[in-house]
1. Which numbered condition in (1) surrounded by 12 or more Cβ atoms within 10 Å (Cβ to Cβ); (2) within 17 Å of residue 138 (Cα to Cα) is the only one that residue 24 fails?
2. For residue 122, state whether it is buried (at least 16 other Cβ atoms within 10 Å of the Cβ) and not aromatic (Phe, Trp, Tyr).
3. Anything in the range 16-64 that is β-branched (Val, Ile, Thr) and in contact with a His (Cβ under 8 Å, 6 or more places away or on another chain)? List them, or say none.
4. Of the conditions (1) assigned to a helix (DSSP H, G or I); (2) at pLDDT below 95, residue 132 clears all except one; give me its number.
5. What number goes with the only condition from (1) within 23 Å of residue 27 (Cα to Cα); (2) modelled with pLDDT of 95 or more that residue 148 does not pass?
6. Restricting the search to the range 139-160, which residues are outside any strand (DSSP E or B) and of a type in the set (D, E, K, R)?
Amino acid sequence: MKRLSLRPFTDSDIPIFTEWLQKLYIKKWYDPIDEWVEEVKNIDGEFSWLHHFIVIYDDTPIGFCQYYDCYDSREYEDWNGRIFDVPGEVYTIDYLIGDENFIGKGYGKDLIRILTELVFGVGAKEIIVDPDKNNAQSNGVLRANDYVYNRNYGFYEKFAKGIEK
């Protein structure tokens, strides 16, 4: 049984997070990395609406993830014309496995499952995700967790149980 969990990100996680972001297999999807580091450093300020976590296997940090309300990110992101005018309904997630020893073994799939449950647990009605179309691993773990690609907007989406599209 894979023992995966999430714990809140702390300032002491910044060095390992920065190290992960500099790995070539991550950097190509997360560049520019300085913006990601700036976000985690300003969690009590400008980016207080982001919820950051370290992914833990037993006691070992193996990755990073976050979620946030798309309503709060309206000034920062464009979701291909999709409008978010009501808070607390549509959220998005970001994630990475930073420890190469845990890649290709199902931990990404488990991470998405756990993160999805967490976000629906805070009241989200829908989760949308926009990985690069060439990031086969990311696209695969989303599909494995029943996310569906919305061709109209060009991103994946999943609705909470009982919520209709």
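1. Residue 24 satisfies every listed condition except (1).
2. Numbers: buried (at least 16 other Cβ atoms within 10 Å of the Cβ): no; not aromatic (Phe, Trp, Tyr): yes.
No; evaluated as a whole, the condition is false for this residue.
3. Those that are β-branched (Val, Ile, Thr) and in contact with a His (Cβ under 8 Å, 6 or more places away or on another chain): 40, 43.
4. Condition not satisfied by residue 132: (1).
5. Among (1) within 23 Å of residue 27 (Cα to Cα); (2) modelled with pLDDT of 95 or more, residue 148 violates only (1).
6. 143, 146, 151
The values are calculated or read from the model by the stated rules, or taken from the named source; none is laboratory data. Computed from a predicted model, the values in this text were never measured in an experiment. Backbone-built Cβ (ideal geometry, glycine too); neighbour counts: all protein chains shown.
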